[in-house]
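Report on the following structure.
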Amino acid sequence: TYSMAWGLNYLPARTWKLALNAATAYRVPNIDNASKVFESKLNTVTIPNKNLKPEKTVSADLNITKHAGEKFIWENVIYGTYFFDAITTSRGSFMGNSQMEYKGTLCDVYTQTNAKAAVLWGVSSNLTAKPSKQTELNASFNYTYGKIVKGEVKQPLDHIPPIYGKVGIAYLPR
């Protein structure tokens, strides 16, 4: 297993920046994945999987930034990641059964497994304006999509917020 990264910045004008990045990475199963039994939500128990393999990724992003002096910055990013052997949670079994008693409660059994492939991609935009030396306005928006595309179950990736954003104002004392 290996990882690498490379990036390229291009400044076509004083007010524009284009950046392209690409990388490979991996994530080795942690101690929780390999040895810990825990209740992740009501009436479910997650058990270890000693056969879990590292997940590997290839990712890329394109960043386009526009500066207008010190008063205005607009940054936009398009990003994507392809996962090989993605670590995900799926139904499991304990001693051949899909349920087990855990802390006195009958629970559905889950385990960490490797999905053959998954994708994650999204867009992000951030706008910052400084109408005065003491005031800063900012707004951001992010959309992310993640899904297992090859494996037993094709489902959305866990812990991916699909759309979020924020708007703010800051007072900057002298």
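Here P156 meets the list (1) under 17 Å from I78 (Cβ atoms); (2) without any contact (Cβ under 8 Å) to a residue 24 or more places away in the chain almost entirely, failing just condition (1).
Summed over the range 47-76, the residues that are under 29 Å from W6 (Cβ atoms), among the acidic types (D, E) and either open to solvent by 60 Å² or more (accessible area, probe 1.4 Å) or free of Cβ contacts under 8 Å to residues at least 24 places away in the same chain (or both) give a count of 1. The single residue among L11, L20, L106, L42 that is among the hydrophobic types (A, V, I, L, M, F, W, C) and assigned to a loop (DSSP other than H, G, I, E, B) turns out to be L42. For the range 130-153, the tally of residues that are in contact (Cβ under 8 Å) with a residue 24 or more places away in the chain and either over 30 Å from A86 (Cα atoms) or among the β-branched types (V, I, T) (or both) stands at 13. Taken together, the residues in the range 45-98 that are over 16 Å from the mean Cα position of the chain (by Cα) and either aromatic (F, W, Y) or part of a strand (DSSP E or B) (or both) amount to 19. Regarding Y164, is this residue assigned to a strand (DSSP E or B), open to solvent by 40 Å² or more (accessible area, probe 1.4 Å) and in contact (Cβ under 8 Å) with a residue 24 or more places away in the chain? Spelling it out, it is not the case that Y164 is assigned to a strand (DSSP E or B), open to solvent by 40 Å² or more (accessible area, probe 1.4 Å) and in contact (Cβ under 8 Å) with a residue 24 or more places away in the chain.
Of all the residues in the range 77-114, those that are closer than 30 Å to F141 by Cα, open to solvent by 40 Å² or more (accessible area, probe 1.4 Å) and not β-branched (V, I, T) number 3. Answer yes or no as to whether N138 is open to solvent by less than 30 Å² (accessible area, probe 1.4 Å) and modelled with pLDDT of 95 or more. Considered against the rule, which asks whether it is open to solvent by less than 30 Å² (accessible area, probe 1.4 Å) and modelled with pLDDT of 95 or more, N138 comes out as no.
The values are calculated or read from the model by the stated rules, or taken from the named source; none is laboratory data. Note that the structure is predicted; figures quoted are calculated from it, not measured. Neighbour counts run over all protein chains shown; Cβ positions are idealised from the backbone, glycine included. Just so you know, the surface numbers come from the protein's heavy atoms only, side chains and all, with ligands and any DNA or RNA stripped out. Shrake-Rupley method; radii C 1.70, N 1.55, O 1.52, S 1.80 Å.
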